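J.: First, the structure itself, so that you have it in front of you.
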Amino acid sequence: MLQEESDLSLIIAQIVQKLKGSNLYAQLERQAWASLQRPEIKLESLKEDIKEFFKISGWEKKLQNAVYSELSVYPLPNHPAAPPEHLKEPLVYMRKAQGSWEKRILKSLNSMCTELSIPLARKRPVVEQKELLNKWNEMGTDEPDLSLFRPVYAPKDFLEVLINLRNPNYENGDSLSFRTHLGLIQVPLKVKDIPELKECFIELGLNTGQLGIDDSTQVPPELFENEHVRIGQKVLAEQDSAAAQQYVRQGSPTALRAELWALILNISSQPEDVLYYEQLKTNVIQHDLLVDSLIYKDVKLTASNDDYYFVFEDYLYQVLLCFSRDTSVLSHFAYNSASPPKSYIRGKLGLEDYAVFYPPNGVIPFHGFSMYVAPLCFLYHEPYKLYQIFREMYVRFFFRLHSISSHPSGIVSLCLLFETLLQTYLPQLFYHLREIGAQPMDSVQRWSVYVRLRISFKWMVRAFSGYLATDQLLLLWDRILGYNSLEILAVLAAAVFAFRAVNLMEVTSLAAAEAVLADLSTLKVMPLLQIFLFATVT
């Protein structure tokens with residue numbers, strides 16, 4: 001009990017400290033001073049009167065939303081004596097693996113820089129600045145020569161690292177365990193089974209109305225949809241982040257989704273937000289970074305070739321180029337197992353006083369990175385608002401999909417959860433895939449298991465963006481926001497395998513298995529999740 005009170009006090013103190021540096025704190029302070037002129041504010045009851053004023057004027061709700069937003073991303077409290085790196089990642093071997101992976105990424109970036117004789121950053125000549133400014137809204141029409149550039153890494157490279165991840169303190173002994181035989185992720189992390197997942201995702205139950213099922217043309221709207229929309233409008237009128245998060249667990253109506261997501265993420269566009277975006281844009285205009293070419297290359301290879309997203313090419317360039325310059329993103333490294341890469345001013349290599357983070361936001365884009373932004377373009381049409389939403393989605397969720405950590409929503413846990421669900425609840429399918437060469441007993445068979453995990457891995461590392469139809473993807477992301485968790489990605493990956501199990505049981509080669517799982521664009525997310533979670537015999 002005393003420990004819980006101590007933890008709570010620590011969290012409160014840290015959140016108060018963080019909010020003191022926010023724009024909201026300055027606004028609250030101004031409002032408090034202004035309220036002193038009001039006749040209902042009495043000196044003898046000053047504190048209570050100002051609190052009542054905040055409540056009536058709506059500022060109390062804004063403060064509650066800000067605190068709730070901080071609690072949503074804040075990691076669980078550590079022991080007061082624990083070093084800062086424990087806040088990033090408590091397991092030493094995970095931190096070491098992440099550090100080694102970062103060195104490999106940086107080496108790849110530096111090698112490209114050396115091979116192409118291109119600096120990491122340079123100031124653009126005035127003529128080039130004017131050209132870029134003039135075509136800012138038409139960057140998709142630009143066709144720079146990117147043939148020599150390559151992605152720093154692709155998801156399959158990252159998967160190889162995860163497969164080789166081991167806990168040196170964990171010893172299976174001479175006799176191999178069941179999971180050692182069948183799974184590729186060989187780290188002893190606790191993941192949920194289906195009964196625990198049912199409890200976690202209870203609002204997805206068969207007896208609860210769901211957008212994505214109960215809004216189909218065969219279901220009269222008065223049975224669920226109309227009432228759900230009415231409640232959504234009430235939630236927006238109340239401007240309550242916690243209520244909005246609970247509400248979207250049953251899905252967001254299309255017309256309300258953009259506002260609901262902004263409310264959950266505690267984003268209210270203020271004039272200073274527009275100004276901040278314009279400052280980032282100015283930084284892009286003035287300076288050219290090597291990662292700019294990586295962003296161009298990624299958009300050209302992914303979103304530009306996607307039937308749903310190619311029309312948003314200009315938006316993607318604008319948002320991602322500004323994102324690379326945003327130093328406010330660095331704050332998320334306090335709870336991210338990764339660390340921002342450093343570069344040094346020329347001639348000052350190794351001198352910390354001359355070290356700078358590169359890129360300025362600390363995030364090196366990889367193949368497929370632009371697909372985190374693309375679906376949001378359907379919801380937000382002002383670049384600054386689109387940018388704000390993407391940045392918040394990234395620092396809350398997406399960073400976990402490309403960093404090595406023990407967090408339940410981290411990509412390691414998601415892979416382990418997927419494998420566990422597949423092995424435990426689809427044993428016939430699992431053994432069939434093993435028969436065609438899927439048991440990791442030799443190099444050929446190990447490759448076969450790798451292929452199976454690689455299929456689901458590429459879905460999960462992109463949060464299914466680019467694989468599902470956009471309306472289905474947004475329904476899935478509703479639930480990610482609603483449950484503040486990425487675990488549903490692993491559940492959906494296993495559900496897809498279950499749905500295609502009959503076809504997979506008939507294949508006789510790994511190529512055929514990949515073909516069966518190649519196209520997800522016709523799948524309906526919510527029926528798959530409901531059937532897998534609530535109609536599976538456990």
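The values are calculated or read from the model by the stated rules, or taken from the named source; none is laboratory data. These numbers were taken from a predicted model, which means no experiment stands behind them. Backbone-built Cβ (ideal geometry, glycine too); neighbour counts: all protein chains shown. Note: accessible area is taken over every heavy atom of the protein model, side chains too, but ligands, DNA and RNA are not part of it. Shrake-Rupley method; radii C 1.70, N 1.55, O 1.52, S 1.80 Å.
J.: Go through the residues of region 201-213 one by one and say whether even a single one is in a helix (DSSP H, G or I) and in contact (Cβ under 8 Å) with a residue 40 or more places away in the chain.
T.: Step one: filter region 201-213 for residues in a helix (DSSP H, G or I), giving 202-204.
Next cut, in contact (Cβ under 8 Å) with a residue 40 or more places away in the chain only: 203-204.
Yes, some residue in region 201-213 is in a helix (DSSP H, G or I) and in contact (Cβ under 8 Å) with a residue 40 or more places away in the chain.
J.: While we're on this one: Mind listing whichever residues of region 131-141 are out of contact with any Asp or Glu (no Cβ under 8 Å at 6 or more places or on another chain) and either assigned to a strand (DSSP E or B) or loosely packed, with under 12 Cβ neighbours inside 10 Å (or both)?
T.: Asn134, Thr141, listed by residue number.
J.: What are the residue pairs meeting all of these: first residue in region 25-49, first residue within 19 Å of Leu63 (Cα to Cα), second residue open to solvent by 60 Å² or more (accessible area, probe 1.4 Å) and at pLDDT 75 or above, Cβ atoms under 8 Å, and 6 or more apart or on different chains?
T.: Matching pairs, first to second residue: Leu28/Leu63; Asp49/Glu40.
J.: I would also like to ask the following. For residues that are loosely packed, with under 15 Cβ neighbours inside 10 Å and within 14 Å of Leu289 (Cβ to Cβ), scanning just region 119-130, find the one that is modelled with the lowest pLDDT. Let's see the steps before the verdict.
T.: Going through region 119-130, the residues loosely packed, with under 15 Cβ neighbours inside 10 Å turn out to be 119, 122-123, 125-128, 130.
With within 14 Å of Leu289 (Cβ to Cβ) added as a condition, the list becomes 119, 122-123, 128.
On the way: Pro119: 86, Arg122: 90, Lys123: 92, Glu128: 92.
Per the stated criteria, the residue is Pro119.
J.: Please work out which residue is most open to solvent (accessible area, probe 1.4 Å), limiting yourself to region 377-430 and to residues that are hydroxyl-bearing (Ser, Thr, Tyr) and either in a helix (DSSP H, G or I) or closer than 30 Å to Gln270 by Cα (or both). Walk me through how you get there before you give the answer.
T.: The first filter runs over region 377-430 and keeps only residues hydroxyl-bearing (Ser, Thr, Tyr), leaving 380, 384, 387, 394, 403, 405-406, 409, 413, 420, 424-425.
Narrowing the set further to residues that are either in a helix (DSSP H, G or I) or closer than 30 Å to Gln270 by Cα (or both) leaves 380, 384, 387, 394, 413, 420, 424-425.
Values: Tyr380: 8, Tyr384: 63, Tyr387: 5, Tyr394: 2, Ser413: 6, Thr420: 23, Thr424: 80, Tyr425: 51 Å².
Step by step, filter region 377-430, then rank; the result is Thr424.
J.: Sticking with this structure for a sec: So which residues in region 449-504 are among the β-branched types (Val, Ile, Thr) and out of contact with any Pro (no Cβ under 8 Å at 6 or more places or on another chain)?
T.: Val451, Ile455, Ile480, Ile488, Val491, Val496, Val502
J.: State which residue is nearest to Pro359 (Cα to Cα) when the search covers only region 257-266 and only residues that are touching a helix residue (DSSP H, G or I) at 6+ places or on another chain (Cβ under 7 Å) and surrounded by fewer than 20 Cβ atoms within 10 Å (Cβ to Cβ). Show your work before the answer.
T.: Here is the first cut: in region 257-266, the ones touching a helix residue (DSSP H, G or I) at 6+ places or on another chain (Cβ under 7 Å) are 257, 259-266.
Those left that are additionally surrounded by fewer than 20 Cβ atoms within 10 Å (Cβ to Cβ): 259, 266.
Working: Glu259: 31, Asn266: 26 Å.
Looking at the filtered set, the residue picked out is Asn266.
J.: Looking only at region 142-166, count how many residues are out of contact with any Asp or Glu (no Cβ under 9 Å at 6 or more places or on another chain) and either open to solvent by 30 Å² or more (accessible area, probe 1.4 Å) or assigned to a helix (DSSP H, G or I) (or both).
T.: The qualifying residues number 17.
J.: Let me ask another. Considering only residues of region 329-347 that are open to solvent by 70 Å² or more (accessible area, probe 1.4 Å) and either in contact with a Pro (Cβ under 9 Å, 6 or more places away or on another chain) or in a loop (DSSP other than H, G, I, E, B) (or both), which is modelled with the highest pLDDT?
T.: Per the criteria, the residue is Ile345.
J.: Further question: Among the residues of region 286-310, which ones are farther than 16 Å from Pro144 by Cα, surrounded by fewer than 20 Cβ atoms within 10 Å (Cβ to Cβ) and touching a residue at least 40 places away in the same chain (Cβ under 8 Å)?
T.: Correct list: Gln286, His287, Asp306, Tyr308.
J.: Being over 20 Å from the mean Cα position of the chain (by Cα), aliphatic (A, V, I, L, M) and modelled with pLDDT under 90 is the requirement here; does Ala97 meet it?
T.: The answer is no for Ala97.
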